[in-house]
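Each remark here refers to the structure printed beneath this line.
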Ligand code: NDP
C-alpha cells in the first residue's frame, strides 16, 4: 500500500519521489510506504490552501456546517474500514478503535459542525461617552495542524474540524508512524464535497515535513499535540515568527485513591486509566497514590484484575492489550522497567515482553505494576507512555496534593473519594488542566481541554478551539 499526499483535493507523489516504510506493529512487518515530504511539498500544500482561503472563509456557516456533518456521517459509515486501518497502523485493539477512536473522529466533525453555528462574539458599550465596541472574529488564514500516533484519527480531526469550521484552510501532518487513517480522511473529504485546498495532508518525518510546516512564514498558527520536548522545539521555532501556538503535550498524571471511594468502580476504572490503549494516552493515570489504610487491599485486588488482561493480537476480539506502536517505543518503555531496581522500586506484576503466537515479531509488553518508595524517582517523574504504572501509599490529603503536584507535568488528575469537602479542596489545589472525580476520560467536547506546566499552552475543545482558530478584532464606533 502506497500512501500519497492529499493536496488541492488530489493524491500526489512527493516532489522528490522519496518514501518511508510503514510498519504494522502487531506483526512487526513493513506493510506500506508513505511520502517522505520536503519543504517543496509543504509549499505546494500551502499554495493550495492560500488559493482556497478567500472563497472558503466566505462560505456561509450553514454551508460549512453541512459539509462537516457530511464528513462526520461518512466516517461513521466507514467505521469498519477506518477502525481496521487504525489497528493495523497503531497496534491498538480493534475493539477500541471501533468504540473509541473512530466514533470520536466522527463526533469531532459533528460537534464543530454544530458549534460554529452557535459561535458568537461580544459587544461592549462604553457607557457615558457614546461609544460602542464590537468584536469581529476572522479566520486566521492558512494554519498548521500536527498530531501524534497514539489516537491518530481522533486527535488529527480534533484539530482539523475546528480549524476548517472557523473558515481557515489547513496544512496538516499526521504522525509518520500512523498515517493511514489521515490518508483515508482525504478520500472522505472529497466524497463529502469539501472544496479542494481547504484541507491538505502532507506525510513525512517530524523534523523535516513537520518542521517545514512550523517554519513556513505564512502559516500563521500551529496547533500541535505531541511530546513536551518536540513542543518546546516548535515553540522555539514559531515564537520569533509571532505565530499563534496551541501546544498539547505530555502528562504524568496522578490517580489519587481515598478509602471512602466506591471501591469496585474505582478498581475497574483504574485498570482502564492505567492500561487503555497500552497506556499510550496522555491522560492515563500513571502515578497511582492510595490511602494507606486500603493500600495492601488495593495492591492485591489491582494485581489480580490486571493479571486477567489478555495481551494479544489487536485483531482478536478478546484482546485487552495490543501491540505498542513501534519497536523503538517498545524499547523506550522497556528501558524504564529495566531501571526499576536502581530507582528503588519493585516490579509487582508484568515487566516482560510478550511473544504472541502467530505474531512473534510484534511489539508486545505485559501490563506492568511497579511499587515505588518515593515520588522523586525517574519512574514517577518522566513520562513513560506505555503500559506501566507505579503505586505508592499516602496518609493525608496534604500529602496527596503535594505528591500530585510534585512533577513537571500538569495535564490531568483523577480523584477517588465520596467526600465533597475534600473534593472541592483538592480540585482547587491540584495543578492540572483537567480533573476527573470518581471517573476517568469522561469527555464533554464543550469543555476546555489542555494542560499546565510542561503539559502545554492553550486550550482546545468547544469555543476555546474556535477562539484559537480565529483572530479577534475590536471595532470601536463613536456616535
Ligand atoms: P512527538 O512529539 O514525537 O510527535 C508528534 C508529532 O509532531 C508527530 O506528527 C511528529 O512527526 C511531529 N514532529 C516531530 N518533530 C517535529 C518538529 N521538529 N516540527 C514539527 N513537527 C514535529 O510525539 P509522539 O508522536 O511520540 O506522541 C506521543 C506524545 O504525545 C506523548 O508525549 C504524549 O503525552 C503526547 N500527547 C499529548 C496529548 C495532549 O493532548 N496533551 C494527547 C496525546 C499525546 P513524526 O511522528 O513523523 O516524528
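Only the coordinates and a few stated rules stand behind these numbers; no lab work does. In this text, all values refer to a predicted model and were calculated from it rather than measured experimentally. Here the Cβ positions follow ideal geometry from the backbone for every residue, glycine too, while neighbour counts run over all protein chains shown.
Order by neighbour count: 464, 248, 125, fewest other Cβ atoms within 10 Å first, most last.
Values: 464 18, 248 27, 125 11.
Going from least to most buried by this count: 125, 464, 248.
Starting with the highest mean, order 141-148, 272-279 by the number of other Cβ atoms within 10 Å, averaged over the residues of each peptide.
Highest mean packing first, the order is 141-148, 272-279.
Using per-residue counts of other Cβ atoms within 10 Å, averaged over each peptide, order 178-185, 352-359 from highest down.
178-185, 352-359
Using helices alone, what [θ] at 222 nm do you get for the chain, with -39,500 (n - 2.57) per DSSP H run of 4 or more residues, divided over all residues and rounded to the nearest 500?
It lands at -11500 deg cm²/dmol.
Given 5 Å bins starting at zero, what is the percent of C-alpha pairs of region 369-479 in each, up to the one with the largest pair distance?
P(r) over region 369-479, rounded to whole percents: 2, 9, 16, 20, 18, 13, 8, 5, 3, 3, 2, 1, 1, 0.
Any chance you could give the angle, 0 to 90 degrees and rounded to 10, that helix 327-338 forms with the longest Cα principal axis of the chain?
Computed tilt is about 40 degrees.
Antiparallel as a % of all DSSP beta bridges within region 361-443, to the nearest 5?
Of the beta bridges lying entirely in region 361-443, close to 0 percent run antiparallel.
Among rounded, prolate and oblate, which fits region 257-387 when a ≥ b ≥ c are the square roots of the eigenvalues of its C-alpha gyration tensor, a/c under 1.5 means rounded, and a/b larger than b/c means prolate?
oblate
Would you please report the Å³ per residue occupied by the convex hull of the alpha carbon atoms in region 67-221?
About 126 Å³ per residue, rounded to a whole number.
What shape does region 43-93 take by its C-alpha gyration tensor, where a ≥ b ≥ c are the square roots of the eigenvalues and a/c under 1.5 counts as rounded, a/b above b/c as prolate, and the rest as oblate?
Note, shape of region 43-93 comes out oblate.
Can you tell me the 0 to 90 degree angle between the C-alpha axis of helix 420-429 and the longest principal axis of the chain, rounded to 10?
Long axis of 420-429 versus the principal axis of the chain: about 60 degrees.
Cα gyration tensor of the chain, axes a ≥ b ≥ c as square roots of the eigenvalues: rounded (a/c below 1.5), prolate (a/b > b/c) or oblate?
Because a/c hits 1.5 or more and a/b fails to exceed b/c, the chain counts as oblate.
With only alpha-carbon atoms counted, please give the Rg and Dmax of region 1-132, in Å.
Considering region 1-132 through its Cα atoms, Rg and Dmax are 20.8, 72 Å.
Relative to the longest principal axis of the C-alpha atoms of the chain, give the angle of the C-alpha long axis of helix 102-118, reported between 0 and 90° and rounded to the nearest 10°.
Taking Cα atoms only, the helix is inclined about 50 degrees.
How would you rank 385, 112, 11, going from fewest to most other Cβ atoms within 10 Å of each one's own Cβ?
Lowest to highest Cβ neighbour count: 11, 385, 112.
Scaled to the compact-protein estimate 2.2 N^0.38 Å, what is the alpha-carbon radius of gyration of region 314-416, rounded to two decimal places? Don't jump to the answer; show the numbers that get you there.
On the way: Rg = 15.5 Å, N = 103, 2.2 N^0.38 = 12.8 Å.
Ratio of Cα Rg to 2.2 N^0.38 Å: 1.21.
Within a 10 angstrom radius of the beta carbon, how do 260, 101 rank from fewest other beta carbons to most?
260, 101
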